[in-house]
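Q: Structure below; questions to follow.
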Amino acid sequence: MTKLPIGLQVYSIREEAEADFVKTMQEVKDMGYDGVELAGLYGHKPEEIRDWLKEIGLVPISAHVPYAELRDDLQGTVATYAVIGCKYIAIPFLGEEERYGSKAFDQVLAYISVIAEECKKYNIILMYHNHEFEFQKTEEGEYVLDFMYRTLSEDVLQTEIDTCWVKAAGVDPISYIKKYENRCPVVHLKDFTGKKPVEFTAVGQGIQDIPGILEASGESGARWVIVEQDSHTVHTPMEDAKLSIEYLLV
């Protein structure tokens with residue numbers, strides 16, 4: 001279905017990765033995934049993660065790294081993921097005290113530029129991974145997410161568009177990917193039933209136009225698409241990961 005390489009966000013299978021990282025990564029590779037996006041190191045050293053992924057044959061595409069972790073130990077944190085070989089670091093979330101409307105929001109935006117400069121020392125690209133809350137409007141009527149990307153140039157911050165949260169916010173994911181053409185190196189493939197609160201499914205089993213999202217991603221310059229499923233209601237995490245990749249490889 002897609003010529004783009006496909007990764008899996010390890011958060012989707014976090015309990016399995018915590019229990020046995022190497023075994024789980026091997027199973028991910030055997031399913032047909034090309035790489036992984038990390039969400040923590042599960043108590044392992046970066047050199048171990050690097051070597052295990054290399055031996056298994058999974059690309060360490062990127063890592064979701066909390067803003068607070070980057071703020072509190074910027075040099076050490078970025079260096080850790082450089083050792084692993086990640087090409088991208090994504091800020092995955094902003095807490096309520098850091099979001100638009102908070103006293104800290106302007107400071108957060110300013111410090112994102114500092115984070116980006118540190119990442120550039122290792123040829124790592126900084127991205128921001130959206131949820132639904134960034135689609136509230138600013139006082140001027142602009143989506144907060146658009147305000148962030150307008151305030152911070154693409155040289156500072158690239159997008160990691162989470163297509164589920166875009167759709168859940170009432171915005172068309174395909175149009176939104178196209179809006180950030182050549183600024184969307186990594187796109188999150190995430191499907192859901194359409195119910196509220198959001199109920200996640202394996203890719204291809206929900207309401208998302210996955211073929212259209214894949215086409216838009218490729219045309220807009222994406223280098224990777226990454227499967228992510230925050231929670232699981234019908235199948236186990238590994239079963240859902242397998243259903244997603246089987247759908248995408250048809």
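Q: Taking the stretch 55-66 as the search range and keeping residues that are touching a residue at least 24 places away in the same chain (Cβ under 8 Å) and either assigned to a helix (DSSP H, G or I) or in contact with an Asp or Glu (Cβ under 8 Å, 6 or more places away or on another chain) (or both), which one is surrounded by the fewest Cβ atoms within 10 Å (Cβ to Cβ)?
A: Ile56
Q: Something else: Residue pairs, Cβ under 7 Å, 6 or more apart or interchain, first in the stretch 67-89 and in contact (Cβ under 8 Å) with a residue 40 or more places away in the chain, second open to solvent by 40 Å² or more (accessible area, probe 1.4 Å) and not hydrophobic (A, V, I, L, M, F, W, C). List them.
A: Arg71/Tyr111; Val78/Tyr122; Ala82/Tyr122; Ile84/Arg50
Q: From the list Glu239, Glu215, exactly one residue is open to solvent by 40 Å² or more (accessible area, probe 1.4 Å), under 13 Å from Lys3 (Cα atoms), modelled with pLDDT of 95 or more and out of contact with any Cys (no Cβ under 8 Å at 6 or more places or on another chain). Which is it?
A: Glu215
Q: I'm trying to understand the selection: among the residues of the stretch 173-224, which are within 16 Å of the chain's Cα centre (by Cα) and assigned to a strand (DSSP E or B)?
A: Within the stretch 173-224, Val186, Val187, His188, Leu189, Asp191, Phe200, Trp224 meet the criteria.
Q: Take Ile49 and tell me if it is part of a helix (DSSP H, G or I), without any contact (Cβ under 8 Å) to a residue 40 or more places away in the chain, aliphatic (A, V, I, L, M) and open to solvent by less than 10 Å² (accessible area, probe 1.4 Å).
A: So Ile49 passes the test.
Q: I'd like to check something: does the stretch 154-176 contain any residue that is farther than 23 Å from Ala116 by Cβ, among the acidic types (Asp, Glu) and free of Cβ contacts under 8 Å to residues at least 24 places away in the same chain?
A: Looking through the stretch 154-176, at least one residue is farther than 23 Å from Ala116 by Cβ, among the acidic types (Asp, Glu) and free of Cβ contacts under 8 Å to residues at least 24 places away in the same chain.
Q: Scan the stretch 161-208 for residues that are of a type in the set (S, T, N, Q), buried (at least 21 other Cβ atoms within 10 Å of the Cβ), farther than 19 Å from Met148 by Cα and out of contact with any Cys (no Cβ under 9 Å at 6 or more places or on another chain) and jot them down.
A: Thr201
Q: For the structure I just gave you, tell me whether Ala241 is among the small types (Gly, Ala, Ser) and outside any helix (DSSP H, G or I).
A: The answer is no for Ala241.
Q: Out of all the residues in the stretch 15-30, which are out of contact with any Gly (no Cβ under 7 Å at 6 or more places or on another chain) and either of a type in the set (D, E, K, R) or buried (at least 18 other Cβ atoms within 10 Å of the Cβ) (or both)?
A: Of everything in the stretch 15-30, those that are out of contact with any Gly (no Cβ under 7 Å at 6 or more places or on another chain) and either of a type in the set (D, E, K, R) or buried (at least 18 other Cβ atoms within 10 Å of the Cβ) (or both) turn out to be Glu15, Glu16, Ala17, Glu18, Asp20, Phe21, Lys23, Thr24, Met25, Glu27, Val28, Asp30.
Q: When the residues of the stretch 219-233 are narrowed to those that are out of contact with any Pro (no Cβ under 7 Å at 6 or more places or on another chain) and within 23 Å of Lys29 (Cβ to Cβ), which ends up surrounded by the most Cβ atoms within 10 Å (Cβ to Cβ)?
A: Among residues in the stretch 219-233 that are out of contact with any Pro (no Cβ under 7 Å at 6 or more places or on another chain) and within 23 Å of Lys29 (Cβ to Cβ), the one surrounded by the most Cβ atoms within 10 Å (Cβ to Cβ) is Ile226.
Q: Filter the stretch 31-46 down to the residues that are in contact with a strand residue (DSSP E or B) (Cβ under 6 Å, 6 or more places away or on another chain) and either modelled with pLDDT under 95 or outside any strand (DSSP E or B) (or both), then identify the one that is surrounded by the fewest Cβ atoms within 10 Å (Cβ to Cβ).
A: By that ranking, first place goes to Asp34.
The values are calculated or read from the model by the stated rules, or taken from the named source; none is laboratory data. Note that the coordinates shown come from a computational prediction; the quantities given were computed from them, not determined experimentally. Ideal geometry is used to build each Cβ from the backbone, glycine not excepted, and the neighbour counts take in all protein chains shown. Protein only, heavy atoms only, side chains kept; ligands, DNA and RNA dropped before computing areas. Shrake-Rupley method; radii C 1.70, N 1.55, O 1.52, S 1.80 Å.
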